[in-house]
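One structure is given below, encoded as C-alpha cells.
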Amino acid sequence: MPAQLIDGKRLAQATREAIAKDVTELYSQSGIRPGLAVFLVGDNPASAVYVRNKKKACDIAGFYVEDHALPATISQPDLLALIEKANADPRIHGILVQLPLPPHIDSGLVLRAVSPMKDADGFHPYNIGRLVEGDPVFTPCTPKGVVRMIESTGIPIEGKRAVVIGRSHIVGKPVAMLLIHRHATVTVCHSRTKDLPAVCREADILVAAIGRAQFVKADMVKEGATVVDVGINRLDDGRLVGDVDFESVRERAGWISPVPGGVGPMTIAMLLANTLEAAQRAATEGRV
Ligand code: GUN
C-alpha cells in the first residue's frame, strides 16, 4: 500500500487561518498588530520568490510588513544600521534577513545584529543556545514545520529511531535537536557518513535535508517509515523535486511529504507563528 501523504500545504493553510484569527484577537485586546521587517539583499531569483511568498502570507494574516528590498551593493554598515532601526522600532516584532547574503557581507555578523527578541528565523546564537537547552524562544521555521508535520501523523516520536540527512545550521542540526527533545534517538548523517543507506534503513523517522535531487531511494527506507523531504531542487527539465525519490519511496514508506506542497508552505506558516508569538509576548510584557 502506498504511503499516506503528509499534506504540508493543507496543514500550513489551517495554521495560517488559526494565526489570522489570533491576529484579530490580539489587535482587539491590545491594539498590537504583529509586525515583520523583511530584508532581501540583491537579486537572487529563488530568494525573491521565497520573500514574495512570505510577505504575501503576512499580508493575508493581517500583519504589518516592512519591506527592505536592498541592492546587492549595499555596504555592511548600512545594512547593520537598518537592522538596528528595526530592532528599536516598536511596530516590529520579527526581523527576517533572507539568506544568502552577498559575499562582501559577513552573514554571521548580520544575524548576530538582529535582536534575539525579534529573531523570527531563530538564527541568532542566543536562540540556538536556547533551542539546545530545550527552552527555545524562537525555533527556526523549517525545523519547527518539519516537527509539526511529523506530529500531524499522530505517530509518537518518543522512543523512535530518527535519522536526519544533512547537518546545516538552518535545518539538520535544529531538526535533530527538536527530535531529541521529543525523546527520539537521533542520528545525523552527512557527506562523510559511512554506509549512509544502511544508517537510513534504521530510521522510523527519516528527514532528508541535503539539497540533492531525489537522493533518497526506496532501498534506503525502512518499510513503514515516516519520511519528510526538506529539499527543493530544480531538474534540467524544469520539474521541482525534493531530496527524496518520491515515486519509489512512497511504495515503501508509511508516511511521506511531497515536494512541492510539503515542508515549503510549513516554513512560511512557522515564520508567521514565530512573529505572532513575539507580538503576543510584547503585548503581555506591556511593550508596544
Ligand atoms: N534561505 C534559505 N532558507 C532560509 C530561511 O529559512 N530563512 C532565511 N532567512 N533565509 C533562508
>> Among the residues of the range 220-230, are any surrounded by fewer than 23 Cβ atoms within 10 Å (Cβ to Cβ), within 16 Å of the ligand (Cβ to nearest atom), not in a helix (DSSP H, G or I) and not hydrophobic (A, V, I, L, M, F, W, C)?
In response: no
> Do you know which residues across the range 156-172 are away from the ligand (no atom under 12 Å from the Cβ), surrounded by 16 or more Cβ atoms within 10 Å (Cβ to Cβ) and not in a strand (DSSP E or B)?
Replying inline: Ile157, Lys160, Gly166, Arg167, Gly172
> Which one is farthest from the ligand (Cβ to nearest atom) among residues in the range 79-123 that are over 22 Å from Met177 (Cβ atoms) and either among the basic types (Lys, Arg) or in contact with a Cys (Cβ under 6 Å, 6 or more places away or on another chain) (or both)?
Replying inline: Arg91
> Of all helices (runs of 4 or more DSSP H) completely enclosed by the range 43-146, which ones contain at least 2 residues that are free of Cβ contacts under 8 Å to residues at least 24 places away in the same chain and either in contact with a Phe, Trp or Tyr (Cβ under 9 Å, 6 or more places away or on another chain) or surrounded by 14 or more Cβ atoms within 10 Å (Cβ to Cβ) (or both)?
Replying inline: 45-61, 107-113, 125-133
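Determine whether the range 270-288 contains at least one residue that is among the charged types (D, E, K, R), part of a loop (DSSP other than H, G, I, E, B) and within 30 Å of Pro90 (Cα to Cα). Lay out the reasoning, then the answer.
Let us first name the residues in the range 270-288 that are among the charged types (D, E, K, R), namely 277, 281, 285, 287.
Retained after the next criterion (residues that are part of a loop (DSSP other than H, G, I, E, B)): 285, 287.
Going one step further and asking which of them are within 30 Å of Pro90 (Cα to Cα), we end up with 285, 287.
Yes: the range 270-288 contains one or more residues that are among the charged types (D, E, K, R), part of a loop (DSSP other than H, G, I, E, B) and within 30 Å of Pro90 (Cα to Cα).
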> Arg10 is checked against (1) assigned to a helix (DSSP H, G or I); (2) under 28 Å from Ala282 (Cα atoms); (3) among the basic types (Lys, Arg) and fails just one. What number does that condition carry?
Replying inline: (2)
>> If I go through the range 173-206 residue by residue, how many of them are part of a helix (DSSP H, G or I) and over 22 Å from Phe246 (Cα atoms)?
In response: 8
>> With the requirement that a residue be farther than 21 Å from Gln280 by Cβ and within 15 Å of the ligand (Cβ to nearest atom), what does the range 124-142 give you?
In response: Ile128, Thr142
> Do you know which residues across the range 211-250 are touching a Pro at 6+ places or on another chain (Cβ under 7 Å) and under 18 Å from Leu196 (Cβ atoms)?
Replying inline: Asp219, Met220
> Any idea which residue in the range 21-30 is nearest to Cys58 (Cα to Cα), counting only those that are surrounded by 15 or more Cβ atoms within 10 Å (Cβ to Cβ) and not polar (S, T, N, Q)?
Replying inline: Val23
>> Among (1) charged (D, E, K, R); (2) closer than 25 Å to Gln13 by Cα; (3) away from the ligand (no atom under 16 Å from the Cβ), there is one condition Arg234 misses while meeting the rest; what is its number?
In response: (3)
> Quick check: anything in the range 248-261 at pLDDT 95 or above, within 16 Å of the ligand (Cβ to nearest atom) and within 20 Å of Gly211 (Cβ to Cβ)?
Replying inline: yes
> List pairs: first in the range 150-168 and on the phi < 0 side of the Ramachandran plot and touching a residue at least 40 places away in the same chain (Cβ under 8 Å), second surrounded by fewer than 17 Cβ atoms within 10 Å (Cβ to Cβ) and acidic (Asp, Glu), Cβ under 7 Å, 6+ apart or cross-chain?
Replying inline: Arg161/Glu202; Val163/Glu202
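The values are calculated or read from the model by the stated rules, or taken from the named source; none is laboratory data. All of these numbers come straight from a predicted model, not from anything done at the bench. Methodologically, a virtual Cβ is constructed for each residue, glycine included, from the backbone with ideal geometry; neighbour enumeration extends over all protein chains shown.
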